[in-house]
Amino acid sequence: MEQIRIHGRGGQGVVTAAELIAIAAFKENKYSQAFPHFGVERSGAPIKSYARISSTPILTRERVYKPSVLIIQDHTLLEGDEDITQGIDSKTLIIINAPKGYTLTKRLPTKKVYISPATEIALNIFGKNIVNTVILGALAKHSNLISIESLKKAVHEKFKEKGRTIIKKNIMAIELAYQGKYE
């Protein structure tokens with residue numbers, strides 16, 4: 001079973017990112033689960049959500065303490081009080097939203113760290129720092145957990161009520177991150 005923990009700030013789409021991962025995995029005939037960890041829900045406050053993907057039924061409902069994938073939607077969280085890298089090991093894949101030229105100063109036990117300028121892409125496409133679909137494009141690129149095709153289907157399903165324009169922009173964001181156009 002693959003366990004994913006997503007850290008970000010309120011307003012960046014952290015909860016929706018976990019839901020999109022679960023929907024995309026389901027589209028690939030995998031078992032999946034997504035849930036948030038609620039605390040102070042205000043824009044800009046640190047929040048986290050979780051997702052699991054498995055080829056067998058998922059029975060656990062607890063938080064993800066030892067993620068196989070860690071997604072950090074705001075690199076400044078690495079410098080905060082909470083140790084968001086807790087539970088990672090040498091096999092953990094880490095994807096960090098950070099600006100071009102960002103140098104990771106925190107020592108991590110894994111070499112599988114990828115930087116995505118998701119904020120830059122989100123600001124260019126959406127005009128605001130909603131990086132969830134962007135960072136998931138990087139996840140599809142750097143892992144075998146979900147395909148870009150399934151992710152696009154998940155966006156269609158999740159955002160169908162929001163209309164074609166929102167769907168089109170989110171798919172564009174996914175594709176740009178996947179293709180590494182901004183890296």
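All of the numbers you see were taken from the coordinates with simple rules; none came from a lab. Since we're looking at a predicted model, the values are computed, not measured. Ideal geometry is used to build each Cβ from the backbone, glycine not excepted, and the neighbour counts take in all protein chains shown.
Considering amide H positions built from the backbone, and no H for Pro or chain starts, which residues 5 or more places from Arg63, or on another chain, come under 5 Å of its amide H? Here nothing satisfies the definition. Gain on full extension, evaluated as 0.36 nm per residue between Glu28 and Arg107 minus their Cα-Cα distance, stands at 25.0 nm. Legend: ranking of residues Arg164, Arg63, Arg5 from fewest to most surrounding C-beta atoms inside 10 Å; resulting order Arg164, Arg63, Arg5.
When all alpha carbon pairs of the range 46-95 are counted in 10 Å bins from zero, the resulting P(r) reads 21, 54, 21, 4 %. Couplings 3J(HN,Hα) of the range 10-24, computed from phi: x, x, 8, x, 4, 5, 5, 4, 5, 5, 5, 4, 5, 5, 4 Hz, in residue order, whole Hz [Karplus 6.51 cos²θ - 1.76 cosθ + 1.60, θ = phi - 60°; x for Gly and Pro]. Between their Cα atoms, which of Lys48/Lys112; Lys27/Lys169; Lys100/Lys168; Lys106/Lys128; Lys111/Lys168; Lys48/Lys160 are more than 31 Å away from each other? Over 31 Å apart, Cα to Cα: Lys111/Lys168. Across Ser150, Ser90, Ser32, mean-square fluctuation computed from a Gaussian network of the chain (C-alpha pairs under 10 Å connected) peaks at Ser90.
Dividing the summed -39500 (n - 2.57) terms of all DSSP H runs of n ≥ 4 by the residue count of the chain sets its mean residue ellipticity at 222 nm at -10500 deg cm²/dmol.
Backbone amide hydrogens, once placed in the peptide plane, bring Tyr114 within less than 5 Å of Ile94, Ile95, Ile96, excluding anything fewer than 5 places away on its chain. Volume per residue for the range 1-134 equals 106 cubic angstrom (convex hull of Cα atoms). When the P(r) is computed for the range 100-183, the part past 22 Å accounts for 26% of the Cα-Cα pairs.
Label-to-label distance for Lys153 and Thr56 is 2.5 nm, based on points extended 7 Å past Cα in the beta-carbon direction. 3J(HN,Hα) along the range 83-90, derived from phi through the Karplus expression 6.51 cos²θ - 1.76 cosθ + 1.60 where θ = phi - 60°, amounts to 7, 6, 8, 4, x, 7, 9, 5 Hz, with x in place of Gly and Pro. In order along the range 49-56, the Karplus-derived 3J(HN,Hα) couplings, from 6.51 cos²θ - 1.76 cosθ + 1.60 at θ = phi - 60°, round to 9, 9, 9, 9, 9, 8, 8, 10 Hz, and Gly and Pro are given as x.
Under 5 Å from the amide H of His37 lie the amide H atoms of Lys48, Ser49, Tyr50, each residue being 5 or more positions distant or on a separate chain, with H modelled from the backbone and absent for Pro and chain starts. Arranged from fewest to most other beta-carbon atoms within 10 Å of their beta carbon, Leu104, Leu20 become Leu104, Leu20.
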